[in-house]
1. Taking Lys69 as the anchor, which lysines have their alpha carbon closer than 30 Å to its alpha carbon, excluding any fewer than eight residues away along the same chain?
2. Where does helix 154-163 land angle-wise versus the long Cα axis of the chain, in degrees 0 to 90, nearest 10?
3. For a Förster distance of 22 Å, can you work out the FRET efficiency between the beta-carbons of Lys251 and Lys197, rounded to the nearest 0.05?
4. So how much slack lies between Phe84 and Ser234, counting 0.36 nm per residue of separation and subtracting their Cα-Cα distance, in nm?
5. Taking all protein chains in place and a 1.4 Å probe, what share, in percent, of the accessible surface of the chain do carbon and sulfur account for?
6. What does the helix-only formula give at 222 nm for the chain: each DSSP H stretch with n ≥ 4 adding -39500 (n - 2.57), the total divided by the residues, and the result rounded to the nearest 500 deg cm²/dmol?
7. Given contacts defined as C-alpha pairs under 8 Å and at least six residues apart, what's the relative contact order of the stretch 137-259, whole-number percent?
8. Per residue, what accessible area does the chain have, given a 1.4 Å probe and all protein chains present, in Å²?
Amino acid sequence: RGYEFIKTSKSDKGALLIELNRPKALNALCTPLIIELNQALKEAETDSSIGATVITGSEKAFAAGADIKEMKDLSFSDAYGKDFIENWSEQVYNVKKPIIAAVNGFALGGGCELAMMADVLYVGEKAKFGQPEIKLGVIPGAGGSQRLARAIGKAKAMEICLTGDMFSAQQAYDWGLAAKIFPPEQLVSEAVKTAEKIASYSKIAVKAVKEVINEGYNLGLDQGIKYERRVFHSLFGSHDQKEGMSAFAEKREPKWKDE
Ligand code: HXC
């Protein structure tokens, strides 16, 4: 279908690739781009042939942030009244199928936040991250300060948000923010391969993994472990648990029904 600011393509093994495509503005996240991104994610959610999504940008920029030119004249009542940012960031975060962010180039401000909203972050060796909002007289507004601190610790998150300095792909990987690091030209195909691997499993079990890990961030350890166990128990009511375990015992490949 025809999008203006993103490109989408589906692999025959169940991965959806979404490329942010606003090259003249380094993929700055203007409202129409976000509307298209949410639309594509919503379609992926209901398309049973898709198991996982990869979001990427270009080699130069994943996304250079929210669109500063669009934002600059907002008043407090515009921002607060319409709950600016909430309407897009929560939608990305609330998608139930896994999202892999494949980041080459700049991931700044809202771009860094979008990358951190994804379930898995893969980086190209030349990627550059940062929360430069402080240089614009504001602060991160789509979870950057919170997700960064939880992912890499208070000391580094505080320094990054207070200085606006960028950090490298290698640092993102060394600090545990990124799951894997690749040469730039291999990044997207490796991310798609991982999405296809995820898509080859039972959608019910995949959804449950994402749910329990994310829910855990809002819970204490004991509650999180209990929650995981209850969801684990519930999977014994699924067809795919019977199929997965029978297939193992019978030494054959499982045939998932996603139910
Ligand atoms: C609007 C942007 C933009 C942005 C770049 N552009 N970032 N437009 N919003 N965030 C535009 C430039 O204005 C320019 O347009 C074109 O993209 C190319 O950018 P250059 O600056 O010429 O490129 P370069 O010299 O290579 O520098 C790259 C850069 C720099 C270091 C990434 O563009 C930059 O600092 N961008 C701003 C990054 C930032 O502050 N992001 C945080 C935004 S606040 P023209 O028309 O001049 O060619 C934010 C708040 C989040 O994200 C809140 C929740 C979402």
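The values are calculated or read from the model by the stated rules, or taken from the named source; none is laboratory data. For clarity, every value in this text was computed on a predicted model and none was experimentally measured. Neighbour counts run over all protein chains shown; Cβ positions are idealised from the backbone, glycine included. Please note that ligands, DNA and RNA were not included when accessible areas were found on the heavy atoms of the full protein model with its side chains. Shrake-Rupley method; radii C 1.70, N 1.55, O 1.52, S 1.80 Å.
1. Those lysines meeting the cut-off are Lys7, Lys24, Lys42, Lys60, Lys82, Lys126, Lys128, Lys135, Lys156.
2. Once rounded, the angle reads 40 degrees.
3. Step by step, r from the Cβ atoms, then E = 0.55.
4. Answer, rounded to one decimal: 50.3 nm.
5. Result for the chain: 55 percent of the exposed heavy-atom area is carbon or sulfur.
6. -14000 deg cm²/dmol
7. 16
8. Computed with neighbouring chains in place, this is 55 Å² per residue.
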